[in-house]
Structures are given as structure tokens and as C-alpha cells.
Amino acid sequence: MTARFRAYLPGGVGSRLGGTLFFGLAILGTIALLSIIGPFLTDASLAQVGAVTPRRPPGGDYPLGTDAQGRDMLALMVHATPATLKMGLIAGVIGVGLGSVLGLIAGQFGGWVDAVIRVVSDSLLTVPAIAILVVIAGSIDRMTTGIMALVVASLSWMFTTRTVRAQVLTIRERGYIEVARVNGETPMEILFREVMPNVMPYIVASFVGTVSAAILAIIGLEALGLGSQDEMTLGNTIYWAQQSSAVLRGFWWWWAPPIVVIAMIFVGLFLTSVGFDRFANPRLERR
Amino acid sequence: MSLSLVQYLIRRLFQLALVIFIAVSVNFVIPRLLPGDPVATALARLQTAGTGDTMDIEAVSASYRARYGLDQPLWNQYLNYWSDLFRFDFGVSFSNFPEKVTTMVGAALPWSVGLLMTATLLSFAVGSLMGARLAWPGGGRLIRALVPGMMVLSAIPFYLLAIIMVYIFAVELRWLPPAGGVETTRIMRLDWATALDVLRHAVLPCLSIALGSIGFWALGMRSQMVCVLGEDYITFAEAKGLSPGRIFFRYGIRNAFLPQITALALNLSAVVSGAVLVEVIFNYPGLGSLLYVAIRGQDYFVIQGVVLVLIVTLAVAMFIVDLIYPLLDPRIRR
């Protein structure tokens with residue numbers, strides 16, 4: 001029976017692996033491409049309040065219809081998607097950067113610094129992020145997309161810190177670190193020249209997950225009405241649709257486009273992160 | 001109780017205390033980092049928003065200043081804040097002055113806990129069973145066909161699923177109510193009609209959360225089960241001639257299940273974050289909707305109260321999950 005189980009262990013994993021990563025990157029690439037080209041092809045002024053006839057179903061002049069405040073949905077989507085992606089990327093870069101630095105410090109230097117970083121990051125991981133983010137975002141008088149990215153980044157570092165710290169701890173025990181130490185490299189040189197390059201794949205892998213979590217948090221805060229009031233983003237679109245009871249009033253073209261775009265972003269990020277994970281931890285492949 | 005179990009309990013208690021400490025401190029510090037005193041700022045914003053006309057701003061503001069000692073040194077304020085919390089005094093709502101925040105949160109908490117517990121247990125049980133079945137040789141052709149769909153659903157935020165659910169089942173098909181916790185005309189009694197009403201309203205929110213997380217649990221369980229099935233004791237059980245059903249449940253699931261419990265404790269926070277927004281979509285009378293209304297009304301103390309209760313309830317829930325763990329895993333008790 002064991003042989004049967006072994007035989008069952010996915011054989012075509014290798015090809016499926018590439019497939020996952022390929023599909024994920026393809027979806028993300030398409031969205032990125034549309035976000036870059038789209039704004040040149042559509043008129044941003046059509047996405048302003050009162051620019052077009054409100055509550056038009058899709059068709060004719062408005063391929064995706066118009067919302068109750070007189071915005072062209074197509075123009076709105078084309079300009080909101082890059083704004084949301086930009087916030088997610090900024091928050092992701094800051095979160096992963098901060099997380100990597102803290103993880104490297106904790107892993108490399110140990111002692112009470114490590115203890116503090118570990119306890120704080122572990123505790124923050126168990127707190128529902130939205131609760132703390134609501135307090136921070138709610139205290140800010142004028143929200144902009146930049147500040148939103150910063151707010152979300154403040155709670156996006158813990159996972160990277162954990163991963164990087166764990167990796168540094170195993171790398172520190174390797175032979176080549178000992179060799180470097182005997183060769184007279186300072187702890188800083190060891191950290192940047194020997195440890196860093198080996199932690200890099202894990203940092204890249206956690207970046208995808210961090211961006212995904214950041215976008216989730218950003219859209220969530222915006223859907224609660226804590227987003228920037230005068231900028232176009234996917235989360236704000238959901239908020240206004242919800243505010244105007246778009247679902248109950250049957251304006252499906254108001255809430256469906258942002259949901260489709262958001263779903264595609266998350267599925268793309270999810271597939272990419274699964275693909276990357278297996279790439280960074282080849283051991284997973286055998287399972 | 002052995003020594004290691006005591007150590008485990010002490011470590012977990014310490015972490016619980018730390019999470020609560022961080023939550024309270026964040027709640028205290030963040031609003032005070034900003035210029036001006038928090039109550040005055042909140043009241044001023046209320047006034048400019050035009051929603052504060054109905055109350056005597058001066059009186060409310062003065063009573064807060066006196067009660068919270070906002071002119072005292074920060075350290076004293078911090079200690080007062082703690083002593084208020086220990087007396088379950090979270091302050092008074094601005095929008096529903098003079099209703100106590102504790103009363104409002106207390107009324108909302110059972111709805112949220114009920115919804116979340118049902119949804120989480122449902123998706124956890126169904127997902128884990130599906131995952132285990134997936135790892136079983138030749139098992140679950142139907143389940144295998146469902147997997148890609150489940151994975152896509154688990155990548156999408158709960159509240160987006162919620163919007164789609166409302167559209168399909170409440171607006172188009174009209175099978176279930178689109179919003180609320182019970183019919184607005186219902187008087188809450190302990191009878192079948194009330195229970196059925198509560199259930200009918202809970203189905204869609206519950207499904208949004210459950211469908212969004214089943215894929216996650218299934219994937220986790222599958223990889224654990226694949227590992228377990230490769231172990232020698234499975235071969236031995238097979239050689240003893242045990243029935244496949246017994247091997248599946250008593251040898252396979254029993255062992256693959258433990259890491260799932262750890263994953264449950266780690267992921268509860270993400271589930272709660274998502275569920276807050278699901279409540280908003282359904283206008284479900286729980287903490288999420290209370291938070292949403294409080295944010296829209298700039299109801300400072302209600303926001304703080306809800307946030308604190310959310311964090312503390314979740315921390316306690318995780319603590320309970322971690323207490324269950326030694327019961328399920330005899331090895332940790334030794």
C-alpha cells in the first residue's frame with residue numbers, strides 16, 4: 001500500500017509548478033500592461049463625478065456603464081487599478097524592506113534584540129490587522145494614497161521578519177560562515193556578503209505574499225470608508241457602490257467590474273506566490 | 001500535569017497578556033500622537049460633519065475632559081485608561097449619547113462570535129476532510145474537480161464573495177434576506193420562529209466566509225496527509241489488515257490534523273479581519289457593522305471599544321485553541 005501512496009505522490013509536479021508561476025505572472029502581467037497603457041487611451045475626466053449621464057447600463061458610449069454619481073465605469077477602472085496596485089507595491093516594498101532588516105538583525109545578533117523583535121512580531125501576527133489599521137487610519141485627517149500605503153506597511157513586515165530570521169539562523173551555522181569569520185571578515189561584512197545573498201530568494205518569495213496582504217488590507221480599509229476621499233481606487237469604488245446600495249438596486253455593472261479586477265489581482269498574486277514558494281523551498285516540490 | 005506542559009501554559013499566558021497589552025497601548029498611544037487632544041479633535045470633526053447638532057458639544061466635551069483627566073500628565077492618563085478598562089468602562093458613544101460603549105459592544109459581540117465560530121468550524125471541518133480525501137489514493141474524483149474553484153475562491157477576499165452572494169441569492173433568486181441579523185419586526189424570543197429567522201439571515205454571511213476559506217484548509221490538509229500516508233506506521237497498519245476506513249480516520253487524519261490546528265490558530269486573525277467587512281456588506285448586527293457605523297460617525301470611543309474587544313476576544317480564542325492542542329496531541333503532555 002505504501003508503494004501505492006508513493007506512486008500517487010504527484011508525478012507531474014515539475015510541469016505543474018512552472019504552470020502555476022506562468023499563469024500567475026501572465027495574469028499580473030496583463031493587469032500591469034493594461035494599467036500602464038489604459039490611462040493613455042481613456043479620458044481621466046470621464047471618471048470624475050458628474051462627467052457622464054448617471055446609472056447607464058453597459059453599451060453604446062459607455063462600454064461598462066456609468067455609476068450613480070455620473071462616472072464612466074471603464075475610465076474609472078482604468079485609472080483606479082494602477083492607483084490600487086501602486087499603493088500595494090509601495091506598502092509591499094516598505095513592509096518587506098523593514099521586515100528583512102529586522103529579521104537580519106534578529107537572526108544575526110541574537111540576544112535581547114532578537115527576543116524583543118520575535119515577541120513583538122509574533123504577537124502582532126495574532127492580532128487582526130484591520131483592527132489596528134482602523135485606529136491608525138481613523139486618526140489621520142486627510143488620507144491620501146501615499147499615507148494609506150504607509151499605514152498598511154506598518155503592519156506588513158512581521159511575516160518577512162519571521163521567514164528571514166529563521167533562514168539567517170540556519171545559514172549562520174553553515175561552514176562558509178565559519179570560513180569567512182576565520183578569514184577576518186567583520187560581523188557586518190558577514191551579514192551583507194555571506195548571509196544576505198542566501199536569504200534573498202526568501203525575501204523575494206515573501207514579497208509577493210506581502211503585496212497581496214497589503215492590497216487586501218488597503219481595499220478593506222477603503223471599503224470601510226477610511227480611504228482617500230478624492231482619489232480613484234478599486235476599494236473606493238466598492239465603498240461607493242456599497243454606500244449607494246448598488247447590489248440591491250440592481251446596478252451590477254457598478255460593483256462587478258471592481259470585483260473582477262480585484263479577484264484577478266488576487267488570483268494572479270496567489271498563483272505567483274505558490275509558484276515562488278516552491279521555487280524558494282525546493283523541498284515542497286517533493287510533497 | 002508535567003513540567004513541560006506547565007511551561008507551555010505559562011508561555012501562552014504570557015503571550016496572551018502581551019497581545020492585550022499591545023492592543024491597549026496602541027489604542028491609547030496612536031490617537032494621542034496626533035496634535036490636539038483626541039476628544040476635542042473628534043468632537044470638532046463631528047461638528048464640521050454636521051452630525052453633532054443634536055447634542056450639547058460643550059457639555060459632552062467638558063464631561064470627557066474631567067473624566068479622562070486630559071490635562072493630567074500622559075503617564076497618569078495611561079494608568080487611568082487601564083483602570084477604566086479593568087472596570088469595563090469603555091466610555092460613552094458620541095452618536096448615541098449617553099449610551100455606554102460596553103452596552104453597544106456587548107449587544108454586538110454574540111452575533112459576531114456566533115457567525116465566526118459557525119463559519120470557521122464549518123469550513124475547517126469540510127476543508128480538512130476534503131484535503132484528506134484528496135491525498136487518499138483514488139479518492140474523491142468529485143472533490144478533485146472542485147479544487148481549482150475552491151482555490152480561486154480562497155484567493156478572493158470574503159467581502160467580495162459576500163457581494164456576489166447577495167446579488168445571486170438575495171436579489172436575483174430572492175431565496176434569502178439580503179441584510180440584517182433578523183427581520184426588523186421580530187421580537188427576540190427563545191422560540192423556533194426566532195431561531196429560524198436568525199439562521200436564515202446567517203446563511204449568506206456564513207457561506208461567504210466558509211467558501212472563502214475551505215480551499216485554504218483543504219490544501220493544508222492535503223499536504224499534511226500526503227506526508228502522513230508515507231509513514232511506516234501506515235504500512236504497518238495496512239499489513240495488520242486494518243480496514244481502509246480505520247486507517248483513513250484513526251491513522252491518517254488523526255496525525256495529519258495536528259498541524260491544521262496550529263494553522264487554525266495562526267489564521268484566525270486573517271479570518272476575523274475579513275469577517276469584519278462581511279458583516280458590513282450584510283449589515284449584520286455584529287462588531288464589524290458597529291465599527292463601520294462608528295467610523296462613519298467619527299464615534300471615537302465606540303471605535304476604540306470595538307477594536308479592543310476584537311483583539312482581546314481573538315487573543316482569548318487563540319489561547320483556547322492552544323489549550324485544546326495538548327489534549328489532542330499526547331506527545332506534548334509528556
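The values are calculated or read from the model by the stated rules, or taken from the named source; none is laboratory data. Just so we're clear, the structure is a prediction, and the values are computed from it rather than from any experiment. When we count neighbours, we look across all protein chains shown, and the Cβ atoms used for this are built from the backbone with ideal geometry, even at glycine.
The table below gives the values:
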{"quantity": "Residue in segment B:184-207 that is surrounded by fewer than 20 Cβ atoms within 10 Å (Cβ to Cβ), in contact with a helix residue (DSSP H, G or I) (Cβ under 9 Å, 6 or more places away or on another chain), hydrophobic (A, V, I, L, M, F, W, C) and part of a loop (DSSP other than H, G, I, E, B) present", "calculated": "yes"}
{"quantity": "Hits in segment B:185-229 (condition: among the hydroxyl-bearing types (Ser, Thr, Tyr) and under 17 Å from B:Ile281 (Cα atoms))", "calculated": "B:Ser208"}
{"quantity": "Within segment B:280-305, tally of residues that are within 26 Å of B:Ala202 (Cβ to Cβ), within 8 Å of chain A (Cβ to nearest Cβ) and surrounded by 17 or more Cβ atoms within 10 Å (Cβ to Cβ)", "calculated": "6"}
{"quantity": "Residue check, A:Phe251 crowded, with 18+ Cβ neighbours inside 10 Å and out of contact with any Phe, Trp or Tyr (no Cβ under 6 Å at 6 or more places or on another chain)", "calculated": "yes"}
{"quantity": "Unique match (being within 30 Å of A:Leu21 (Cα to Cα), touching a residue at least 40 places away in the same chain (Cβ under 8 Å), surrounded by 18 or more Cβ atoms within 10 Å (Cβ to Cβ) and within 12 Å of chain B (Cβ to nearest Cβ)) among A:Val199, A:Val274", "calculated": "A:Val274"}
{"quantity": "Subset of segment B:154-187 (residues that are at pLDDT 80 or above and of a type in the set (S, T, N, Q))", "calculated": "B:Ser154"}
{"quantity": "Entirely in segment B:28-143, the helices (runs of 4 or more DSSP H) that have 3 or more residues that are modelled with pLDDT of 80 or more and touching a Phe, Trp or Tyr at 6+ places or on another chain (Cβ under 9 Å)", "calculated": "B:74-86, B:101-135"}
{"quantity": "Qualifying residue in segment A:218-228 (condition: surrounded by fewer than 19 Cβ atoms within 10 Å (Cβ to Cβ) and among the charged types (D, E, K, R))", "calculated": "no"}
{"quantity": "Lone qualifier among B:Ala218, B:Ala263 - being buried (at least 24 other Cβ atoms within 10 Å of the Cβ) and away from chain A (no Cβ under 12 Å)", "calculated": "B:Ala218"}
{"quantity": "Filter pass, B:Leu268 being within 23 Å of the chain's Cα centre (by Cα) and either within 12 Å of chain A (Cβ to nearest Cβ) or not small (Gly, Ala, Ser) (or both)", "calculated": "yes"}
{"quantity": "Total residues in segment A:173-207, condition in a loop (DSSP other than H, G, I, E, B) and either over 15 Å from A:Ile105 (Cα atoms) or at pLDDT below 85 (or both)", "calculated": "5"}
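Per-residue answers, yes or no, for (1) out of contact with any strand residue (DSSP E or B) (no Cβ under 9 Å at 6 or more places or on another chain); (2) surrounded by fewer than 21 Cβ atoms within 10 Å (Cβ to Cβ); (3) without any contact (Cβ under 8 Å) to a residue 24 or more places away in the chain:
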position	(1), (2), (3)
A:Ile132	yes, no, yes
A:Ala137	yes, no, no
A:Leu169	yes, yes, no
A:Val204	yes, yes, no
